[in-house]
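As structure tokens, the structure follows; a few thoughts come after it.
The values are calculated or read from the model by the stated rules, or taken from the named source; none is laboratory data. What you are looking at is a predicted structure, and each value in this text was computed from that prediction instead of being measured. Ligands, DNA and RNA are excluded from the accessible area calculation, which covers all protein heavy atoms including side chains. Shrake-Rupley method; radii C 1.70, N 1.55, O 1.52, S 1.80 Å.
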Amino acid sequence: MKLAFFIPAFATANNGNGNGGANQHVDGANVHLNGCIWPEQGAHPQGLHTIADDEFARFVGLTKGVGLDNPYSEAEIVTRQCPTHCVYDGSDYSCSGFEDDEEYTCHFKVGKGNRPPGKHYIWTRSSNIEGIAVFFKSDALEQYRKISKKKKCPVPVITASDPDAICGDRPQIPTKKQWEEEGLRFDAYTVWNDDGTSVQCGPGATPVRGGDKFEALNLVCTKGKGNSFKWMHQSSSGKVQPAGNKWLHKKFLCKKCHNKCDGGDGGDGGEGSGAESPDVASVSL
């Protein structure tokens, strides 16, 4: 499945049905009388996201199309599916591992207060069919309801089809020149592994961060903040965090082992660490 990365339009021409311009209203007195409306992407006039704008979701059951002119009948169901993995090729996402996440039922609210008499059809969560309308708010159901990030599909594991082309130059091991003021020589004690996804300590070296603070570098090209792709560190739990920009963060690097080097457990290289010779100090990060 290809998913175009969607960027909502902040200023579109008003087409008279509330899908553009500064008018964030629809005709709540009439538009919901004929059936449930599934909004088009970018329907919120302030550029905010509705459930329909979920970047990674696949909606099963939208057989009649979307928009104000394509109403759905009472009791029809749409299921949101979320992927577990996506591959990004520089412009589109190709996702897989879709699983059912949330279900919506075409239900109704009766006319009262600011709503004229009759059934006003709206999508609600199937788990709480008498709850809120997921796309419209206010008593008159004439304003689009925004969705918070935490209510979207969980962000899947994202990989790049061509990491070097998409993320560019990888952060490097700092050179002596970059760190001479601190008297550190990371480039003398830290070396890359064969595929360039991690580093390891050379002879006579130990990790800068030892003990419980040690975490092996796992360099991946993936989506960072601001929707841009960059080189990141991915932990064993799947969480991603910056690995460094031009230079790798110090916490992934190695330093000179002044006493007995550790035996490979990521320790601090102090006395009692168990290593008897510098050769044992080669620790895979």
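Data overview
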| quantity | calculated |
| --- | --- |
| Extension gain from residue 175 to residue 91, taking 0.36 nm per residue of separation minus the Cα-Cα distance | 26.8 nm |
| Cα centroid of the stretch 38-92 to Cα centroid of the stretch 145-175, whole Å | 22 Å |
| Cα-based shape type of the stretch 18-97, given that a ≥ b ≥ c are square roots of the gyration tensor eigenvalues and the cut on a/c is 1.5 | oblate |
| For the stretch 83-169, accessible area per residue (1.4 Å probe, heavy atoms of protein chains only), Å² | 54 Å² |
| Within the accessible area of the stretch 41-147 (1.4 Å probe), percent carbon and sulfur | 46 percent |
| Computed over the stretch 52-211, Kirkwood Rh from alpha-carbon pairs, angstrom | 20.7 Å |
| Over 18 Å (Cα to Cα) - which of 119/146; 149/225; 213/251; 213/250; 64/112; 213/239 fall in this group | 119/146; 64/112 |
| Coordinate range along principal axes, alpha carbons of the stretch 69-139, Å, largest first | 51, 24, 20 |
